Amino acid sequence: MLKHTRLVTASLSLGAIAALSACGGGAAESDESANWRSATSVEEGGGMDALVEAAQSESTLNVMGLYEDWANYGGLLDAFSQTYGIEIENDTSTGASQDLVNAVKNRQGQETSLDYLDTGASFAVSADAEGLLAEYRPASVDDLPDQMQSETGTWFNHLGGTMAIGCDAAAVDTCPESFEDLLDEQYRGQIAMPGDPTTGESSFMTVFAASLANGGTLDDISPGVDYFAELSESGNLIPSEAVAGTVETGETPIVINWDYLLLQWADDLADGGVDLQTTIPADGTVSSYYAASVNDDAPHPAVARLWQEFVFSDEGQNLLLEGYVKPGRLDAMIDAGTVDEEALAALPETPADVPLPSQEQRESQQAVVADTWAQSVG
């Protein structure tokens, strides 16, 4: 059976436990923490040693929606916790981008607020416009292309993938290979999305992919909304939110989601008799990258910045690569010879010309989905 982690807490050495006990763990912000809250780089804050010391005094990282089977976040969180002796509070009650932004808004000044956000880029742009994100530039992001980082230094693309169709071949007679195939009546009551496209990045990008497969463009997502309205009306699309567990139980044998998530689910579910096959839709798809950012009101500002440094380090990017994603710094790491070659070889094959929407296109088409989804699909 697939196991879902609600709290990731690494084992600490006795010395680390004593140190945390001495500082009280999660105590009120110190002068040292305040210094890191205003730092826009590790150099400005006093260097990596100073950042590590301050982070270990704060002792905890608060995150939300970092599922252990999502882009190898389980391995990434464990490695960070074990390296620095930091406890991880990971709220996996939701992973929707808008829910993370809402948590930051609703928990202003609270110790339970989030330190770090992993959201769709358009959600990061909106959060930045509302003044919710801290300006902090990790040391290794200079090799990211300009389009993969904000001009204000508040968010950076750390991982990405391509939209795909997952099908449990052990439960479905003939697996679909395109969006057109999904309309076939043989798939009645079998197809699911990751969630609500008005609040979550992955579901939004499923609509984008369906649009491109049905005559739409990166500037016109409406054919995708119409497509899902037809899929819903036919009874093929079910309202259940697809996760690995619903595939395991047979509730959602066909799922439209990121290729890297489906491939990880396939690994996790294989021992349970699920044969989850991943196919890039033959009639069209889309790629996208997620954005990593620091909450400007983070309860643990030093830990938040240390975590951001870790995510974009060679070690952190290679750990994400193990989860079948394309790390933001992949090209630079290949050029530098620092990439994990075995993990690189395991990446799924995708067409070379998969469209990647610009930030302007994402924002404009997200507004279209927000305005039309409820009345069209429900």
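The values are calculated or read from the model by the stated rules, or taken from the named source; none is laboratory data. Just so you know, these numbers come straight off a predicted model, no measurement behind them. Neighbour counts run over all protein chains shown; Cβ positions are idealised from the backbone, glycine included. Accessible surface areas use protein heavy atoms only, side chains included; no ligands, DNA or RNA. Shrake-Rupley method; radii C 1.70, N 1.55, O 1.52, S 1.80 Å.
Go through segment 262-285 and count every residue that is open to solvent by less than 50 Å² (accessible area, probe 1.4 Å) and over 30 Å from Gly215 (Cβ atoms).
5
Is there any pair with a first residue in segment 32-50 that is assigned to a helix (DSSP H, G or I) and a second that is hydrophobic (A, V, I, L, M, F, W, C) and open to solvent by 40 Å² or more (accessible area, probe 1.4 Å) whose Cβ atoms are under 9 Å apart and which are 6 or more apart or on different chains, and what are they?
Note: pairs meeting the criteria are Val42/Met48; Val42/Ala139; Glu43/Ala139; Met48/Ala139.
Is segment 292-300 home to any residue that is out of contact with any strand residue (DSSP E or B) (no Cβ under 8 Å at 6 or more places or on another chain) and assigned by the TED database to the domain that holds Gly47? So that I can check it myself, show each step before the final result.
We begin by selecting, within segment 292-300, every residue out of contact with any strand residue (DSSP E or B) (no Cβ under 8 Å at 6 or more places or on another chain); these are 297.
Keeping just the survivors that are assigned by the TED database to the domain that holds Gly47 gives 297.
Yes; the residues of segment 292-300 include at least one that is out of contact with any strand residue (DSSP E or B) (no Cβ under 8 Å at 6 or more places or on another chain) and assigned by the TED database to the domain that holds Gly47.
Just one of the numbered conditions (1) at pLDDT 90 or above; (2) part of a helix (DSSP H, G or I) is not true of Gly95; which one?
(2)
Residue by residue, here is whether (1) among the aromatic types (Phe, Trp, Tyr); (2) over 29 Å from Gly245 (Cβ atoms); (3) in contact with an Asp or Glu (Cβ under 8 Å, 6 or more places away or on another chain) holds:
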| position | (1), (2), (3) |
| --- | --- |
| Ser288 | no, no, yes |
| Ala291 | no, no, yes |
| Val303 | no, yes, yes |
| Leu306 | no, yes, no |
| Ser313 | no, yes, no |
| Asn318 | no, no, yes |
| Gly337 | no, yes, no |
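Filter segment 110-131 down to residues that are open to solvent by 20 Å² or more (accessible area, probe 1.4 Å), assigned to a loop (DSSP other than H, G, I, E, B) and not small (Gly, Ala, Ser), then give me how many there are.
4
Those residues that are closer than 24 Å to Pro253 by Cβ, among the small types (Gly, Ala, Ser) and open to solvent by 10 Å² or more (accessible area, probe 1.4 Å), I need them from segment 201-225; list them, please.
The answer is Ser202, Ala213.
Within the set of pairs 6+ apart or on separate chains, which have a first residue in segment 184-200 that is basic (Lys, Arg), a second that is assigned to a loop (DSSP other than H, G, I, E, B), and C-beta atoms under 6 Å apart?
Taking only residues 6 or more apart or on different chains, the pairs are Arg188/Gly235; Arg188/Asn236.
Conditions: (1) in a loop (DSSP other than H, G, I, E, B); (2) in the same structural domain as Ala298 (by the TED database); (3) surrounded by fewer than 17 Cβ atoms within 10 Å (Cβ to Cβ); (4) not hydrophobic (A, V, I, L, M, F, W, C). Gln147 meets all but one. Number of the miss?
For Gln147, the exception is condition (1).
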